[in-house]
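Following: one structure in structure tokens, then a few remarks.
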Amino acid sequence: MNVPSADISHLERAADYLRVHQLDTGALPGDYSGPMFLLPMYVGTLYATGEMPDEAQQADMVKYIRGAQNPDGGFGLGEENPSCVFTSVLNYVTMRLLGVERHDEDLQRCRKWFMDRGGALASASWGKFFLAIMNLYDYRGLHPVPPELWLLPYEAPLHPGRMWCHARMVYLPMSWMYGARAQVPLDGLLSAIREEIHPIAYSRIDWKAARDTVAPEDAYTPLSMPMKVANKALHAYERSPLKPMRPKALEECLRQIRYEDEITNYVCIGPVNKPYNTLVWHFAEPGGERVRKHLERMPDYLWSDRRGTRVNGYNNSQLWDTAFAIQALKAAKDKRGLQVDDLIEKAHDYLDHSQIPEDPPDAEAHYRCPSKGGWPFSNLEHGWPITDCTSEGLKCALLLQDEVKNPIDLERLKPAVDLLLYWQNENGGWASYERTRGPAWLEKFNPSDIFHEIMIDYPYTECSSAVLQGLAAWREVSPGDPRVDKAIERGKDFILSKQEADGSWFGSWGVCYTYGTWFGVWGLLAAGMDPSAPQIQKAADFVESIQLADGGWGETIDSCAQKRSIPTDEGQAVMTSWALLTLVKAGRKDSEAVKRGVTFLRERQLDNGTWPEEHIAGVFNKTCSITYDNYRRVFPVWALALAE
């Protein structure tokens with residue numbers, strides 16, 4: 001163990017903060033909110049079912065919405081995104097449902113913003129669909145979401161089972177509700193809101209024209225010509241008085257929804273299909289047992305703090321955050337002598353109890369892949385394993401073999417390795433939840449308007465790097481498996497193929513190039529590449545080239561949409577940490593850039609041991625910002641442990 005004599009009080013303060021906030025389970029709770037369409041769907045679902053929150057929680061939700069409003073009056077797709085009609089209209093509706101009067105100043109600013117752009121008629125399709133469920137928009141103004149697609153043979157490229165799991169689990173309940181034309185009964189408040197969100201009287205709206213009306217702010221992924229042709233054909237089908245397959249298709253959708261609910265303990269994969277599945281059962285079985293079970297798990301998605309109450313992007317991010325904390329704390333212990341055995345022991349307990357013990361039953365009939373040995377993003381009850389979460393779990397389990405009282409047996413880790421090998425795609429990369437199932441041209445049928453690359457599960461640099469690191473760690477303790485050797489070599493080639501001309505890697509799940517480049521470099525090094533390799537040094541040159549004047553690093557969410565590094569006004573602790581982790585591993589620990597970055601992190605630390613709230617560091621589907629609040633508590637510890 002390397003225990004320098006240098007002062008480590010800053011690391012001790014950081015560890016003390018984590019110690020106070022660590023749960024009895026060993027997990028680290030954290031804010032994972034940010035998308036501004038989640039709370040509206042949550043509140044709308046409770047309004048539809050007659051189970052609105054109490055007055056105190058309603059007021060706390062309004063507090064959050066007001067705090068997230070942009071200066072121009074609108075609301076972004078995420079908290080740090082520019083305003084769009086989709087979320088501006090939905091948050092207006094939500095505040096009205098939560099008891100805010102229409103003459104409220106914030107509501108009037110919001111209404112002016114979206115009315116100037118065409119009102120609710122100009123919203124992206126996801127907004128229009130939810131408004132239709134709430135009886136604030138007519139189903140005639142939607143392009144079809146036919147449940148009959150679920151009856152296609154799986155061999156058909158357009159079968160929903162070939163879609164990215166998040167997309168298919170959202171469009172699954174949407175298909176049922178579209179096919180059933182499910183709507184909340186109109187009441188006085190909804191009638192008033194109807195007239196407030198549209199530019200002309202509701203009775204005079206040309207719904208056919210509204211189908212293709214999308215504000216420029218919402219049209220990040222305009223409908224392609226193939227999608228437009230498909231929509232025309234689907235509308236012709238919907239006009240047919242006889243749709244013999246509709247009842248069977250609706251029943252198939254219910255069967256798939258029932259499976260998702262039960263296999264996830266009514267948590268569901270995410271915060272969009274969760275309220276949608278709840279609404280399906282509310283319409284299909286009013287007041288039934290399934291509705292009750294769903295409503296009991298709705299609060300799992302809530303996060304409350306001084307900013308108010310909002311909805312997380314998952315039921316929690318505890319496995320993901322805890323795995324990074326384990327690695328950061330272990331580095332601080334090994335490199336700096338930080339006394340954190342208690343933190344590590346408890347975190348390992350969470351890791352131990354979160355590994356998925358078995359495959360889902362009847363998986364093939366529900367388009368699920370194996371799960372045994374994997375780790376989820378959140379907790380065991382959720383139960384969907386993910387490539388990089390499984391890899392981080394595997395890395396931590398191996399890292400702590402000699403550190404904890406009851407390490408996870410290597411026999412239990414073999415299924416995790418098998419799962420990672422199973423998930424590898426033909427191009428050598430790894431996607432998020434599953435192997436890529438559909439052709440890339442399916443993206444031409446993206447109907448969302450506002451999200452990008454949602455149709456299939458694409459291989460990512462970050463996921464591939466995490467898997468390479470996990471497999472390399474496994475090879476250290478169990479060498480000689482040619483499957484592992486081959487997978488690592490193919491994965492290395494995939495990551496190399498994704499390197500940009502300037503040496504960077506694009507970040508698909510973090511903002512943006514500092515995140516992607518950290519993963520790119522660490523993945524190549526895990527695969528056996530020498531730090532002196534030109535690809536590694538070119539990446540390090542890129543990182544140094546975007547260091548800011550204050551010694552830190554920082555990028556805005558616009559970097560993700562525009563696919564170029566756009567700097568923040570000042571350094572950010574999280575992005576600075578990613579940059580330092582990259583440079584140190586690239587052999588530049590003694591560089592001036594690293595020294596300045598270390599100084600930046602030390603000077604920016606707060607008295608309580610953590611680092612200040614800064615720009616959001618997470619993103620998904622190129623456009624939507626999402627908070628990983630524990631990143632500012634964990635990554636600086638990791639970076640300082642290795643860089644000082």
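List of remarks:
- The GluC sites (Glu not before Pro) of the range 124-215 that meet both conditions, a loop assignment by DSSP and at most 13 other Cβ atoms within 10 Å of the site Cβ, are Glu155.
- Loop-located trypsin sites (Lys or Arg not before Pro) in the range 522-573 (DSSP state other than H, G, I, E, B) with a sparse environment of at most 14 neighbouring Cβ atoms within 10 Å: Lys563.
- Counting neighbouring Cβ atoms within 10 Å and putting the fewest first, the residues Leu279, Leu413, Leu496 line up as Leu496, Leu413, Leu279.
- Think of each Lys and Arg Cβ as +1 and each Asp and Glu Cβ as -1; about the Cα centre, that makes the dipole of the chain roughly 1660 debye.
- Distant-in-sequence amide H partners of Cys624 (H built 1.01 Å from N, under 5 Å): none
- Over the chain, the Kirkwood radius and the radius of gyration, each from Cα atoms, give a ratio Rg/Rh of 0.96.
- Chain lengthening between Val229 and Tyr154 when straightened (0.36 nm per residue, less Cα-Cα): 24.8 nm
- Peptides 307-316, 513-522, 320-329 ranked from most to least packed by the mean count of surrounding Cβ atoms within 10 Å: 513-522, 320-329, 307-316.
- Applying both filters, DSSP loop and at most 16 other Cβ atoms within 10 Å, to the GluC sites (Glu not before Pro) of the range 1-72 gives Glu51.
- When each of Lys208/Lys228; Lys333/Lys585; Lys248/Lys274; Lys486/Lys563 is checked by Cα-Cα distance, pairs over 20 Å: Lys248/Lys274; Lys486/Lys563
- Going from the residue with the fewest nearby Cβ atoms within 10 Å to the one with the most, Trp303, Trp176 rank Trp303, Trp176.
- Among Gln537, Leu548, Ala573 the positive-end extreme of the charge dipole of the range 530-588 (Cβ point charges): Gln537
- In this structure, the amide hydrogen of Leu302, modeled 1.01 Å from its nitrogen in the peptide plane, lies closer than 5 angstrom to those of Asn312, counting only residues at least 5 positions away or on a different chain.
- For Gly118, net neighbour charge (Lys/Arg +1, Asp/Glu -1) across residues whose Cβ lies under 11 Å away: -2
- Near Glu489: Cβ cut-off under 12 Å, other residues only, Lys/Arg at +1 and Asp/Glu at -1. The net charge is +3.
- Shape box of the range 315-424 [Cα atoms, principal axes, largest first, Å]: 51, 29, 23
- Calculated over the range 473-593, the projected area of the Cα convex hull averaged across directions stands at 7.9 nm².
- Once C-alpha pairs closer than 8 Å and six or more residues apart are averaged by separation and normalised to the residue number of the range 38-300, the relative contact order reads 22 percent.
- Counting neighbouring Cβ atoms within 10 Å and putting the fewest first, the residues Cys165, Cys253 line up as Cys165, Cys253.
- Value of D in µm² per second that Stokes-Einstein yields for the range 1-87, Kirkwood Rh from Cα pairs, at 10 °C (1.306 mPa s): 95
- Here is the size of the range 38-300 from its Cα atoms: Rg then Dmax, 18.1, 54 Å.
Computed from the coordinates by the stated procedures, all read-outs in this text should not be read as laboratory data. In this text, all values refer to a predicted model and were calculated from it rather than measured experimentally. Ideal geometry is used to build each Cβ from the backbone, glycine not excepted, and the neighbour counts take in all protein chains shown.
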